[in-house]
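The values are calculated or read from the model by the stated rules, or taken from the named source; none is laboratory data. Computed from a predicted model, the values in this text were never measured in an experiment. Using ideal geometry, Cβ is built from the backbone for each residue, glycine included, and neighbour counts are taken over all protein chains shown. Surface accessibility is based on the protein's heavy atoms, side chains included, excluding ligands, DNA and RNA. Shrake-Rupley method; radii C 1.70, N 1.55, O 1.52, S 1.80 Å.
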Amino acid sequence: MIQGLEAGRPPVSTFQTREPTLSVYGTFDVLNYGDLLFPLLLRDRLGLAEDQMRAFSPVGGTLPWDDAVTALPIDTAADFAADLHVIGGGNILHDRVTSLSDYANGRFGQRGAYAALWLGAGLIAAGQDKPLAFNAPGVPYPMEAGPAQVLRDRILAASPCVTLRDDASRQFWRLEGQPGIDTLPDTALDLAALWPAETLRPPAAAAFARHGLNVPERWLALHVNDRYLDGDVALQARQIEALAKRMDALPVLIAIGPCHGDHRLAVALRSELTIPALVLVQPRGLREIAGLIAHAAAYVGSSMHGLITALAYERPAIAVARPRMIKFAGFLAHLGMPERLVRSWAEAVEAGALLDPLPAEGLQAIGEARSRIDAHWARLRGLFGAPLPASCQLAMQELRLWMEQQPAPLQDWRAFTTVLPVPTPVAAAPTDKPFHCSICGGTTLRPDRRLADSLRGHGQRCASCNSTARHRAMHQVTDQLRKEPTLRASGLQYGRHRVAAGGWFADFALIHPAQADGSLTPPPADRRFAMVICLDVLEDVREPRRRAFDPRCSDRRGGRAAALLPHRSGPRRDARLGLCPRRRAGLPPGLRRGRRRDAETPPAEGASDGAAPERPLCRQRDDAVPHHMVGDPPRMARRPGPAGRKVARGHMTEA
């Protein structure tokens with residue numbers, strides 16, 4: 001069927017009058033499989049020779065993968081006379097600070113690295129008076145009103161081809177219904193046109209041979225990202241083994257994104273697996289990764305382009321990611337396959353039917369999407385040498401005038417830096433005290449890959465167990481609470497990280513909190529728990545403050561619930577949390593506010609731009625206490641309990 005999809009495709013024409021030139025902008029200077037596909041696809045599908053294209057990235061440089069392009073620093077982009085400037089793809093359309101340390105030493109640092117790839121690229125195109133096109137990149141976050149948005153709108157008006165990755169990208173930029181703004185599946189779905197399946201058998205076989213393995217009859221391609229683990233590495237290994245058994249296939253674990261630490265997790269999993277496996281910690285190149293996925297029986301993992309590669313070669317695939325990662329849902333919506341996105345590895349193990357061969361309607365959807373991508377390539381080819389529409393010319397002229405009006409020396413494309421949001425100063429973690437993880441005992445921190453303006457409490461992660469500051473704070477809270485005999489009887493944790501050790505409780509359960517419709521997953525109907533723990537998950541639930549403490553969770557007198565609630569804005573912490581100072585009772589004295597700073601200070605370690613902290617809350621459950629939620633007004637309403645006793649509503653305390 002792959003050959004059938006490729007048959008009858010229009011040949012790629014070349015620019016006949018003279019050799020056209022292309023500048024493409026993206027993150028092509030880091031080891032991340034998906035991003036590195038775009039320059040190769042553009043060069044091939046636009047019919048260009050190697051010397052007719054330049055790829056520009058925040059830092060540039062040569063990568064160890066021999067089939068990746070060599071990216072040039074974006075500082076030099078204005079010096080290359082291109083006939084067409086193309087942005088993307090990838091999830092790069094934002095103006096926020098990036099946590100990728102690779103870009104700390106770039107021309108624009110971590111603050112301007114991503115903005116340079118589209119705001120800067122738009123100004124470069126305007127300065128050269130050449131067309132600018134968007135190769136279906138993604139918008140990961142809403143963009144706030146301000147100077148950057150004004151500049152963005154002018155750049156969009158100057159572009160004759162604005163194609164975004166999905167509807168969510170258009171919504172984040174508030175462009176719904178605006179003419180000329182199109183959406184298209186990620187163009188890497190056209191990978192089989194660049195590398196037909198049969199050409200990828202040799203690099204796949206070489207990967208097995210390099211590890212002393214014969215090519216198996218069947219293998220299962222896997223990718224694991226530490227953001228989406230259900231628990232610790234041992235649990236993940238058991239889940240991989242269960243999937244391999246179900247598929248009767250050798251597990252092949254691929255470190256698709258070394259720049260995100262995939263290789264470190266792959267090494268840890270290799271030591272936990274109890275069955276034969278190929279663990280590709282250091283892939284040799286893009287074709288090797290593509291070959292191992294293209295000829296696998298199926299793919300399961302948390303890589304966006306692992307998923308896309310599998311479907312490009314008609315392999316069944318499951319993506320494991322939280323629903324808030326809109327890029328997965330957006331891509332699958334194009335194909336009518338939303339069921340292929342699951343929220344946990346436990347769900348992936350249970351979703352066995354999705355690993356059967358793709359049905360006819362799925363193959364048809366892929367074929368139709370590839371036809372749309374073919375039309376996109378044809379549209380880009382048509383921009384070489386074509387006159388710009390009058391509206392684009394006017395917008396280009398406005399951009400050039402704007403650059404001229406900027407203060408020296410930023411009177412060129414570098415003027416984009418003047419519109420970037422100024423990051424809020426971040427409190428530094430104490431430097432006079434070594435780090436010690438309260439969960440695993442680790443002593444090394446690593447930067448969190450979440451952007452700097454994400455929820456507070458993420459900041460630095462433990463390199464050993466991947467815990468954030470808020471995980472470690474919650475661990476300390478629950479460690480104290482479970483010392484009460486009544487609470488030690490049973491525990492339920494919503495969320496995946498090992499904040500609560502199962503051995504702490506005689507009866508322990510772990511479930512995912514959020515359902516697809518944004519409601520809280522109900523606890524097991526036939527079980528009740530003395531302690532309910534909820535962390536890192538209510539951000540996926542609608543109305544988290546009102547749903548935080550479900551009365552169905554605990555029916556035991558004196559039971560407690562603890563949660564981390566997402567709060568991103570507001571000047572007063574007590575007002576945000578719906579608490580009043582008199583409610584800070586019930587925890588051991590050492591865990592009240594201000595008494596644990598000698599052990600750890602989560603807001604300092606995980607502080608971030610424009611975000612308020614996620615703070616651990618605890619609620620004591622008593623049969624006499626009505627089931628009021630965290631969102632109640634901060635007042636101490638009194639209600640009669642048994643035998644006329646007065647009790648305070650909520651009994652919530654702030655740790």
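How much length would be gained if the chain were fully extended between LYS245 and ARG379, taking 0.36 nm per residue of separation minus their Cα-Cα distance, in nm to one decimal?
43.6 nm
Could you pull the accessible area for GLU339 with a 1.4 Å probe, rounded to 10 Å²?
The accessible area comes out at roughly 90 Å².
Net charge around PRO160, counting only other residues with Cβ within less than 11 Å of its Cβ (Lys, Arg = +1; Asp, Glu = -1)?
Overall, the nearby charge balance is +2.
Quick one: what are the phi-derived ³J(HN,Hα) couplings along segment 201-212, Karplus 6.51/-1.76/1.60 with θ = phi - 60°, whole Hz, x for glycine and proline?
My calculation for segment 201-212 gives 5, x, x, 5, 4, 5, 5, 5, 4, 5, 9, x Hz in order.
Which cross-chain or sequence-distant (5 or more) residues have an amide H under 5 Å from the amide H of ASP507, H modelled 1.01 Å from N in plane?
SER490, GLY491
Ignoring ligands, DNA and RNA, how do LYS245, LYS327 rank by accessible area with a 1.4 Å probe, largest first?
These residues rank, largest area first, as LYS245, LYS327.
Can you compute the modelled spin-label distance between VAL422 and LEU394, with each label point 7 Å from Cα toward Cβ, in nm?
3.5 nm
Which order do TYR25, TYR141 take when ranked by solvent-accessible area (1.4 Å probe, heavy atoms of all protein chains), largest first?
Ranked from most to least accessible, the order is TYR141, TYR25.
Between beta-carbons, use under 15 Å as the cut-off and find the net charge around ALA136, counting Lys and Arg +1, Asp and Glu -1.
The answer is 0.
Taking K and R as +1 and D and E as -1, what net charge do the other residues with C-beta under 11 Å from the C-beta of GLN52 add up to?
Neighbourhood net charge equals -1.
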